[in-house]
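Asker: Would you mind keeping the following structure in view while I ask a few things?
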Amino acid sequence: MNSIFLSGPSLQIRLVVALALSAGLIVFDHVFDGFATTRVYLNSVVSPIQYLANLPSEMLNASASRLVSHQQLVEENAELQHNAVVLNGKLQRYTMLQEENDRLRRLLNTPVRGDIRKEVAELMAVDNNPYSHQIVIDRGAIQGVYEGQPVIDDQGIVGQIMQVGSTNSRVLLISDVTHAIPVRVARNNIRMIASGSGSLDDLIIQHVPHSADIQEGDLLLSSGLGNVFPEGYPVAKITSIVRDEGRPFAQVNAQPVAQLDRLKYLLLLWPNNLVGPEQQNQSTDQ
């Protein structure tokens with residue numbers, strides 16, 4: 001009876017034969033490069049398998065990269081929006097400071113005569129009484145402010161000091177119904193009186209003869225009469241002239257040159273014979 005399992009060479013012999021065959025193939029490939037073509041075919045067959053094996057890793061890396069990039073974009077976008085808000089706030093502040101700087105420059109460059117001392121004041125409050133045009137500024141007796149002192153802005157005459165405190169003062173605007181200022185026409189030096197009408201944008205020119213040589217658009221300057229306002233400062237421009245022969249005088253109205261409804265910085269004027277506290281202290285020390 002034949003055995004199902006035939007005996008063959010022992011494991012040791014098989015191992016020796018395998019090693020010898022392997023060594024022979026290695027030497028043959030190294031010396032004669034006999035398996036170069038075979039390796040090319042094998043690499044071509046195996047390469048798709050390698051791509052498939054690496055595909056999950058590549059997809060995972062791509063997803064992670066996209067996630068990181070999206071998160072970075074979200075963070076960068078949030079930071080840019082924050083910076084934009086901050087910069088817009090700074091820009092608004094810068095614009096406001098630039099406008100204030102321009103106003104101060106115009107104010108300090110007003111044509112003040114050399115024998116007049118000047119000092120900048122800032123608006124503190126506006127009188128709530130609709131029938132009285134008064135404001136409060138942040139300069140008072142400590143700074144040498146006195147009653148009747150002229151006050152101007154960068155455009156023209158605003159009014160005069162009517163009450164003086166230690167650190168602030170009250171200014172009566174030229175538009176107040178109780179205020180009047182001597183003026184002259186810049187074109188021909190005709191002298192008149194400009195009185196407040198109770199409206200910030202209107203002055204009444206009183207007692208103007210029908211034959212007076214005045215025109216709409218004429219600039220009215222302070223005449224210097226009365227020793228309150230220095231001569232030559234802009235006051236108003238004539239806006240309307242009504243010559244009704246049934247009335248003894250012409251009806252003349254003018255618009256103040258100063259921006260009475262948007263005051264912020266003002267200029268106080270001192271004649272040469274009135275000095276401030278600093279000059280008084282210097283004189284005392286001498």
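Asker: Enumerate the calculated ³J(HN,Hα) couplings along the stretch 177-190 in order (Karplus 6.51 cos²θ - 1.76 cosθ + 1.60, θ = phi - 60°), each rounded to whole Hz, writing x wherever the residue is Gly or Pro.
Answerer: Listing the rounded values in order: 5, 8, 9, 9, 9, x, 9, 9, 6, 4, 6, 9, 6, 5 Hz.
Asker: Okay, next question. Want the number for D138 to H207: 0.36 nm per residue separation, take away the alpha-carbon distance, what's left?
Answerer: Working it through step by step, the gained length comes to 21.2 nm.
Asker: Label-point separation (nm) for L60 and Q72, each offset 7 Å from Cα along Cα-to-Cβ?
Answerer: 2.2 nm
Asker: So if each residue of separation counts as 0.36 nm, and I subtract the Cα-Cα distance between R243 and E216, what length gain in nm does that give? Show your work: numbers first, answer last.
Answerer: Working: separation 27, 0.36 × 27 = 9.72 nm, distance 1.25 nm.
My answer for the length gained is 8.5 nm.
Asker: What residues of the stretch 154-190 lie in the reach of a label at V120, counting those whose backbone N is under 15 Å from a point 7 Å from the Cα along Cα→Cβ?
Answerer: Inside the label zone: 154-155.
Asker: What's the extension gain from Y51 to L21 if we count 0.36 nm per residue and subtract their Cα-Cα distance?
Answerer: So the extension gain works out to 7.5 nm.
Asker: Still on this structure: About its Cα centre, what dipole magnitude does the stretch 160-263 give when the only charges are +1 on Lys and Arg Cβ and -1 on Asp and Glu Cβ, stated in debye to the nearest 20?
Answerer: Once rounded to the nearest 20, the dipole reads 220 debye.
Asker: Hey, can you grab everything whose amide H is under 5 Å from the amide H of V183? Only 5+ residues off in sequence or another chain; H modelled, so Pro and N-termini drop out.
Answerer: Correct list: M192, I193, A194, S223.
Asker: Ok, one more. Would you please give the FRET efficiency between T178 and Q98, computed as 1/(1 + (r/R0)^6) with r the Cβ-Cβ distance and R0 = 35 Å, to the nearest 0.05? Intermediate results must be reported in sequence, preceding the final value.
Answerer: Working: r = 38 Å, r/R0 = 1.07.
After rounding to 0.05, the efficiency reads 0.40.
Each value in this text was obtained by applying a stated rule to the coordinates, not by laboratory testing. Given the structure is predicted, the values throughout are model-derived calculations rather than measurements. Quick reminder, even Gly has a Cβ in these numbers, built from the backbone with ideal geometry, and neighbours come from all protein chains shown.
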